[in-house]
Amino acid sequence: MHIHILGICGTFMGGLAVLAKEAGHTVTGCDANVYPPMSTQLESQGISLTQGFGAEQIALEPDLYVIGNVVSRGNPLMEEILNRGLPYVSGPQWMGEHILHDKWVLAVAGTHGKTTTSAMLAWILEYAGYAPGFLIGGVPLNFGISARLWGNHASDFFVIEADEYDTAFFDKRSKFVHYHAKTAVLNNLEYDHADIFPDVAAIETQFHHLVRTVPGVGRLIVNGNNDSLERVLKRGCWSEKEFFGNEQAWRLLMQDGEDFDVYFNDQLQGRVQWNLNGEHNRQNALAAIAAARHVGVTPEISIEALAQFVSVKRRMEVRGVADGVTVIDDFAHHPTAVATTVEGLRHKVGNARILAVLEPRSNTMKLGTMKQALPGSLEQADLVFGFGEADGKSALGWDLAEALAPLGDKVACHHKIDQLVQDIVSKAKTGDHVLIMSNGGFGGIHQKLLDALQDRAQQAGSPADSQDGNQPGNRAIAA
């Protein structure tokens, strides 16, 4: 089958393209922004890409058009598909019908932690010899890829990050209803995606749709300390349930440093000894251990696997060190994620200064729905730098400096990347940690900052001591 993918350069659709190619399909695709690294990754797989959504792509004559949720009515190619009555399907539906239909699907849902928990779970299954397929919204450093059909042998198991965002312009259900999970992790639930959900109750409805799709022989792994998830389950549940969190069936007890003991029904299962930090990651680990147990992996094996887990690219990833300043990249953008990220780094670095750099660029944040929560999420940072473009489609619809004003004189806001970099360099000192948080590329600020810090060191006549964040031991200070 020849499929042509509209919106191929998104994380999900790009992963879908790789899986389709591995499964033996001919794959082509198009997007508004075809550029590296996604374009080079896809082209290396033999997938031909077209810039834009021109109607002339009809001439490719694929058997089926697979539509991503970036595509809307008015899109020239989509309009031509509709006018000619050509066959099309959403990406999540195609995924469910062609990749997942004969798999034991382990789906990880939640407002926060989906990517990291999915990566943990995939690594546990890999360590246990299951060779799972997976599609994850990031690059797990244990694998170096975000999607594969299976590992070193054919596998019945597939781990997927189960996103609650809508499926397509013609299907407003959440993506995860198409995955038919047998093991479903409900990691947490709070308000997000203000561009498509009016309130948290609407998201709870979508999560209950997911619960409805899990079979009776399936299992839900649920955060037992989340009010929204409690309300979801009260609507009805027809599967086995196991709860994790404080005073739940799966719980943890902290030990020295970041190590913790894992308990199930008050029975000690073992001690996780690892390099990650933060309560959110410990809860992610509990969820992954519980989910793996459903497919036969003992907690003891899962605990061994987590000792070798290296986290996910862009989750507290050290991009480099220059002039004694460590530059860290993180995907955090929702205030809750920002708070847990800063808190985790504070626990790791102690009294060292944290310079938090935030670009609130997600659709939810651009609407200003959660701007009041930002000051509280950044309280543990020593200095805060905010960035928002002044105009254009990426501009914020609200005043960032005004929103961050409760933090006082430790805040500086900028509209231009170069001015932001200069300000950070002027204030950064040896031993500082610059924590850059954004769900986008942030104008390449990470390398610009490292270069500027190196220049500062050279001008001062001191060694720049620059290190590449991709070197072993420098990848992740936390996750």
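The values are calculated or read from the model by the stated rules, or taken from the named source; none is laboratory data. Here the structure is a predicted model, which is why all the values come from computation and not from measurement. Glycine also receives a Cβ, built like all others from the backbone with ideal geometry; neighbour counts cover every protein chain displayed. The area values use the complete protein model at the heavy-atom level, side chains included, leaving out ligands, DNA and RNA. Shrake-Rupley method; radii C 1.70, N 1.55, O 1.52, S 1.80 Å.
Say R0 is 25 Å: what FRET efficiency, to the nearest 0.05, do R235 and K172 get from their beta-carbon distance? Walk me through the numbers on the way to the answer.
Numbers: r = 19 Å, r/R0 = 0.76.
The formula returns an efficiency of 0.85 here.
Hey, if we sort M38, M1 by accessible area with the 1.4 Å probe, largest down, what's the order?
Working: M38 40, M1 100 Å².
So, going from the largest accessible area down, we get M1, M38.
How high is the relative contact order of the chain, in percent, with contacts defined as C-alpha pairs under 8 Å that are six or more residues apart? All intermediate terms of the calculation are to be shown ahead of the outcome.
Working: 1035 pairs, mean separation 58.7, N = 479.
Dividing the mean separation by the residue count of the chain yields 12 percent.
Identify all aspartates and glutamates with a Cα-Cα distance to K172 below 20 Å; exclude those on the same chain that are fewer than 8 residues away in sequence.
K172 reaches E79, E97, E161, D163, E164, E190, D192, D195, D199, E204.
Applying a 10 Å radius around every beta-carbon, put 11-22, 391-402, 220-231, 189-200 in order of their mean neighbour count, most first. Write out the running numbers ahead of the final one.
Working: 11-22: 22.8, 391-402: 12.2, 220-231: 20.1, 189-200: 17.2.
Sorting 11-22, 391-402, 220-231, 189-200 by mean packing, highest first, produces 11-22, 220-231, 189-200, 391-402.
Using θ = phi - 60° and the Karplus relation 6.51 cos²θ - 1.76 cosθ + 1.60, list the HN-Hα couplings for segment 248-256 in order, rounded to whole Hz, with x at every Gly or Pro.
Working through the residues one at a time gives 9, 4, 9, 9, 10, 9, 5, 10, 5 Hz.
So for segment 145-300: antiparallel DSSP bridges make up what percent, rounded to the nearest 5?
Details: 12 of 22 bridges.
In segment 145-300, DSSP labels about 55 percent of beta bridges as antiparallel.
Among L374, L189, V232, whose Cα sits farthest toward the positive end of the charge dipole of the chain (+1 at Cβ of Lys/Arg, -1 at Cβ of Asp/Glu, about the Cα centre)?
Result: V232, furthest along the dipole toward the positive end.
Which order do peptides 331-339, 133-141 fall in by mean Cβ count within 10 Å, highest first?
Numbers: 331-339: 21.6, 133-141: 23.7.
Those peptides, ordered most packed to least, come out 133-141, 331-339.
Heavy-atom accessible area of H153 with all protein chains present, probe 1.4 Å, nearest 10 Å²?
80
Note down the net charge around A287, summing +1 for each Lys or Arg and -1 for each Asp or Glu among other residues with Cβ under 14 Å from its Cβ.
+3
What relative contact order, as a whole-number percentage, does segment 347-387 give when Cα pairs under 8 Å and 6 or more residues apart are counted? The partial results should precede the final answer.
Numbers: 31 pairs, mean separation 24.8, N = 41.
Once normalised by length, the contact order is 60 percent.
In the chain, which whole DSSP H runs stretch at least 15 Å along their own axis (Cα) and average -1.0 or higher on the Kyte-Doolittle scale? Don't jump to the answer; show the numbers that get you there.
Numbers: long enough: 11-22 (17 Å, 0.93); 114-127 (19 Å, 0.36); 200-213 (20 Å, 0.27); 279-294 (23 Å, -0.64); 335-349 (21 Å, 0.05); 417-427 (16 Å, 0.23); 445-460 (22 Å, -0.71).
The qualifying helices are 11-22, 114-127, 200-213, 279-294, 335-349, 417-427, 445-460.
Assign one of three labels to segment 1-68, namely rounded, prolate or oblate, based on the Cα gyration tensor with a ≥ b ≥ c the square roots of its eigenvalues; rounded applies when a/c is under 1.5, prolate when it is not and a/b is larger than b/c, and oblate otherwise.
On the way: a/c = 1.61, a/b = 1.06, b/c = 1.52.
Judged from the Cα gyration tensor, segment 1-68 comes out oblate (a/c at least 1.5, b/c at or above a/b).
Round to a whole number: what % of the accessible area of segment 188-264 belongs to carbon and sulfur, probe 1.4 Å? Could you put the intermediate results ahead of the total?
Values: 1590 of 3470 Å².
Percent of accessible area from carbon and sulfur atoms in segment 188-264: 46.
Which value, in debye to the nearest 20, gives the size of the charge dipole of the chain about its Cα centre, when Lys and Arg are +1 and Asp and Glu are -1 at the Cβ?
Working: 38 positive and 55 negative charges, 81 e Å.
Charge dipole of the chain: 380 debye, to the nearest 20.
Once you sort the root eigenvalues of the Cα gyration tensor of segment 259-376 as a ≥ b ≥ c, which label holds: rounded (a/c under 1.5), prolate (a/b larger than b/c) or oblate (the other case)?
Working: a/c = 2.36, a/b = 1.64, b/c = 1.44.
Prolate.
Exceeding 32 Å between C-alpha atoms, which entries from my cross-link table qualify? They are K175/K410; K114/K371; K175/K393; K21/K448; K114/K348.
On the way: K175/K410 41 Å; K114/K371 23 Å; K175/K393 26 Å; K21/K448 36 Å; K114/K348 22 Å.
Distance filter (> 32 Å) returns K175/K410; K21/K448.
Give, as ranges by residue number, the residues of segment 291-332 whose backbone N falls under 20 Å from the point 7 Å along Cα→Cβ of N152.
Residues passing the 20 Å test: 297-298, 301-310.
Considering amide H positions built from the backbone, and no H for Pro or chain starts, which residues 5 or more places from L276, or on another chain, come under 5 Å of its amide H?
The list, which skips near neighbours in sequence, is empty: none.
For N75, list long-range residues whose amide hydrogen, built 1.01 Å from N in the peptide plane, is under 5 Å from its own amide hydrogen.
Those lying under 5 Å, H to H, from N75: there are none.
For D418, what charge total do you get from the other residues with a beta carbon under 14 Å from its beta carbon, if Lys and Arg give +1 and Asp and Glu give -1?
Details: positive: K416, K448; negative: E389, D423, D451, D455.
Every neighbour counted, the sum reads -2.
Just reorder E43, E164 by solvent-accessible area, largest first, 1.4 Å probe, all chains present. Could you put the intermediate results ahead of the total?
Working: E43 100, E164 0 Å².
Descending order: E43, E164.
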